[in-house]
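Report on the structure given below.
Taken together, the values in this text are just the output of simple stated rules run on the coordinates, not laboratory data. What you see is a predicted model; the values in this text were computed from it and never measured. So basically every Cβ, Gly included, is an ideal-geometry build from the backbone, and we count neighbours across all protein chains shown.
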Amino acid sequence: MADLEKVLQDISESLYEKMDALLPDPQNARESRLYEAMRYSALSEGKRLRPFLTVTTANLFGVSKSSALQLAAAVEFVHTYSLIHDDLPAMDDDDFRRGHPSCHKQYDEATAILAGDALLTLAFEVLADKSTHTSNAVRCELITSVARASGGKGMVGGQMVDLLSDGKEMSINEIIHLQRLKTGALFAVSCEGGAILGNAASNLRNILRGYAHDIGLAFQITDDLLDANANDNNKGGRVDKSAGKATFVTAMGAEKAKDQAKILAEQATRHLSVFGKKADLLRDLASYIVTRRS
Ligand code: GRG
């Protein structure tokens, strides 16, 4: 895992530089408050799992680092927007994000809504830029794929189902459906996007989607276990916001959920056999996802 940690760190640093260059400069701008809020949330320290997936899958197809980082930044901008809006009082009402006051607490609700809106739209401006890929067709396909993963049939749809299911019982299949939309779709496009940049054959793209779906679910089950643990121990920097919500842990119990996350991580790595050793970092990530502590 030493390699994985080093690569995650390297990608985080390169991504920071890329996002810093792409985000608007607040200096001497009348709308500087908006730009500061965008930078406050996007540049704060996250795990950067989606950018890691983009850069690592793009590497399988010999894509240049600068192209891969453009896509990684776009996906991370979408992810950051979703976190800012999710933290708002009308949604999950969280005062903290990544160990700091959430965007609406640091600024105000209107600014946080606008910062999320501006990050989402910036993502598509970045994807449409020629420096992401010289081919119009490839850029168009990326825009379509990221839009589908983020919108009503992806993450936003999942968030709606999540809000509607508050306080209701859900079957495992319903929870899987919700999570595939809410968190899985962005994981999937992070992986498939690397393959789109590399003009990869459709069978290889499907393989990466299969991998992404398995690690996406394993990630969510682990998230639920970490939440349940924070709740039991009432300690740590994590606040359990899952009260009243159906989660993998409430639906199947902690022990079974732990086993299921492990099975999914193993299943994820089996998708990758066609790539041989070139995909070792993706295998390591699957293990990391189910053993992580935050
Ligand atoms: C508001 C449109 C809209 C969507 C919100 C993704 C999402 C949908 C809400 C996030 C709520 C949440 C905490 C979900 C659990 C899984 C998850 C996506 C956690 C956050 O992702 P990480 O752990 O975050 O990759 P970092 O901070 O490391 O980037």
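General remarks:
- When you filter the GluC sites (Glu not before Pro) in region 1-58 for DSSP loop state and at most 12 other Cβ atoms inside 10 Å of their Cβ, you are left with Glu31, Glu45.
- Relative to the Cα centre, the charge distribution of the chain, modelled as +1 at Lys and Arg Cβ and -1 at Asp and Glu Cβ, gives a dipole magnitude of about 860 debye.
- Cα gyration tensor shape of the chain, rounded if a/c is under 1.5, else prolate or oblate by comparing a/b with b/c: oblate
- Those lysines that a straight Cα-Cα span of less than 27 Å connects to Lys182, excepting residues fewer than 8 apart in one chain: Lys18, Lys47, Lys105, Lys153, Lys168, Lys235, Lys241, Lys245, Lys256, Lys258, Lys262
- Result for the chain in a Gaussian network model with C-alpha springs under 10 Å: among Tyr107, Tyr16, Tyr81, the largest mean-square fluctuation is at Tyr107.
- Most to least packed among 198-205, 243-250 [average Cβ atoms within 10 Å]: 243-250, 198-205
- Packing-based order for 134-140, 262-268, using average beta carbon neighbours within 10 Å, highest first: 262-268, 134-140
- Part-to-part distance (alpha-carbon centres) for region 1-54 and region 122-149, which is given in Å: 19 Å
- Summing charges over all other residues whose Cβ lies under 11 Å from the Cβ of Gly46, with Lys and Arg as +1 and Asp and Glu as -1, gives +3.
- Interchain or long-range residues, amide H under 5 Å from Arg97's placed H: Ser102
- Derived scalar couplings ³J(HN,Hα) [region 165-177; Karplus, 6.51 cos²θ - 1.76 cosθ + 1.60; whole Hz; x for Gly, Pro]: 8, 4, x, 9, 7, 9, 6, 4, 5, 5, 5, 4, 4
- Karplus (6.51, -1.76, 1.60) ³J(HN,Hα), θ = phi - 60°, over region 206-222, in Hz, Gly and Pro reported as x: 5, 4, 5, 5, x, 4, 5, 5, 5, 5, x, 5, 4, 4, 5, 4, 5
- Between Met19, Met38, Met170, the GNM of the chain built on Cα springs shorter than 10 angstrom shows Met170 fluctuating the most.
- The phi torsions of region 132-140, fed into the Karplus equation with coefficients 6.51, -1.76 and 1.60 and a -60° offset, translate into couplings of 6, 6, 6, 7, 4, 5, 5, 4, 4 Hz, rounded to whole numbers, with Gly and Pro shown as x.
- Amide proton proximity set for Gly151, modelled H, under 5 Å, gap of 5+: Val156
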